[in-house]
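Take a look at the structure set out below.
The values are calculated or read from the model by the stated rules, or taken from the named source; none is laboratory data. Computed from a predicted model, the values in this text were never measured in an experiment. Counting neighbours? That spans all protein chains shown, and the Cβs are built from the backbone with ideal geometry, glycine included.
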Amino acid sequence: MSAFQRQILLPDFGAAGQEKLSRARVLVVGAGGLGCPVLLYLAAAGVGGIGIVDGDTVSESNLNRQVLYGPDDIGLPKAEIAARRLREQFPNTEFEALPFFMDVENALETIARFDVVVDGSDNFPTRYMVNDACYLLQKPLVQGAVYQYEGQVAVFDAQRGRSTYRDLYPVPPAAGDAPNCSETGVLGVLPGIIGLMQAAETIKCITGVGQPLLDKALFYHFKNASFFEVEIAPHPDAQAMMPANEAAFRAMHYADACERVQDILWTEAQALLERRPETLLLDIREEEEGPNVHVRSRRWPMSRLLQDASELTADMPLVLFCRSGVRSRHLAGVLQKSGRHTQVYSIEGGLQHPLSPIHHSVTHG
């Protein structure tokens, strides 16, 4: 324990805090710009077991920010190189290299073996998938992301908090609207800063020292060294899009949720229905949701369509709506991606939009 003497001296931390770290197992998703500083500082703090999941290999463009790698590692698996290098420096920590990409088939099994998950991934489908898996398994999630000169950190814990990543970003962005570092650029120090903050939040989650960013997101801007914090409240449509169980999770199409979807207004939907009477207007809210809509629509819950949409006639124009437009946009992307439905629209703002036929009932009822 002599390596951690300076930590043990801290008030409220002590030997008890160090013991909690030594017993903890943390999964780090992504061994890139965020994952590298997370891995280094969690290992340096004395976390007992660390899993490193990443199916990518090292490239030369990684080296300005992914500080566990050097020129000799180019072309080699990140997870294995990171684990090997960390074992040399931190022999008291058990490192497990998991050289694959997370997907719906392996996520639950992998995450279940760890106490805390740190998400350092660089794409939205993975972030939503990891969020949902952690929610189902009741595992704390420390999420981080960077974009050009900005970064963010948040903590989600289904056992202690009331929000998830979906509440922060209810509508998955279209793939073209969410470029990664290879398209937008990144200054290497920024993911270093955000990754260190993720490591700090992880230590707080494990030891109970301090107050983690639970139900909050902390944003940092590099250019003016500014921070601001936002509270994250549960979003009803975001909660409804969460898979209810393991079977529903495995049936999710996370990449489809980030496809480009065409949003239309209620007036445009009405014009389409008049112009093309065969168009199907679908209310995708669940059966128990009210109030009822007295327009030419059919109630077809999203939960049912995600399991089986074969009853919908192929190539028929589909117009979807829900309470706020979040679920309809997600489902439109899924149906569009299936290839059977090329004309799928989501009504912007759903029944909460001022132009909806029951706007007042939804917003005031």
Among the residues in the stretch 334-352, are any at pLDDT 85 or above, surrounded by fewer than 18 Cβ atoms within 10 Å (Cβ to Cβ) and touching a strand residue (DSSP E or B) at 6+ places or on another chain (Cβ under 6 Å)?
no
In the stretch 130-188, the residues that are in a helix (DSSP H, G or I), modelled with pLDDT of 90 or more and either acidic (Asp, Glu) or surrounded by fewer than 15 Cβ atoms within 10 Å (Cβ to Cβ) (or both)
Asp132, Asp167
For residues that are in contact with a Phe, Trp or Tyr (Cβ under 9 Å, 6 or more places away or on another chain) and charged (D, E, K, R), scanning just the stretch 280-323, find the one that is modelled with the lowest pLDDT.
Glu311
Hey, any hits in the stretch 250-259 for a residue that's at pLDDT 80 or above, outside any loop (DSSP other than H, G, I, E, B) and not aromatic (Phe, Trp, Tyr)?
yes
Within the stretch 1-81, considering only helices (runs of 4 or more DSSP H) that don't extend past its boundaries, which have at least 1 residues that are closer than 27 Å to Ala107 by Cα, hydroxyl-bearing (Ser, Thr, Tyr) and not assigned by TED's automatic domain parsing to the domain that holds Gln211?
none
Out of Gly70, Gly55, Gly75, sole residue that is in contact with a Pro (Cβ under 7 Å, 6 or more places away or on another chain), over 20 Å from Leu21 (Cα atoms) and not hydroxyl-bearing (Ser, Thr, Tyr):
Gly55
What's the number of the only condition in (1) at pLDDT 85 or above; (2) under 17 Å from Leu136 (Cβ atoms) that Phe228 fails to meet?
(2)
Just give me the residues in the stretch 75-100 being touching a strand residue (DSSP E or B) at 6+ places or on another chain (Cβ under 8 Å) and more than 21 Å from Ala3 (Cα to Cα), in sequence order.
Gly75, Leu76, Pro77, Lys78, Ala79, Glu80, Ala82, Glu96, Ala97, Leu98, Pro99, Phe100
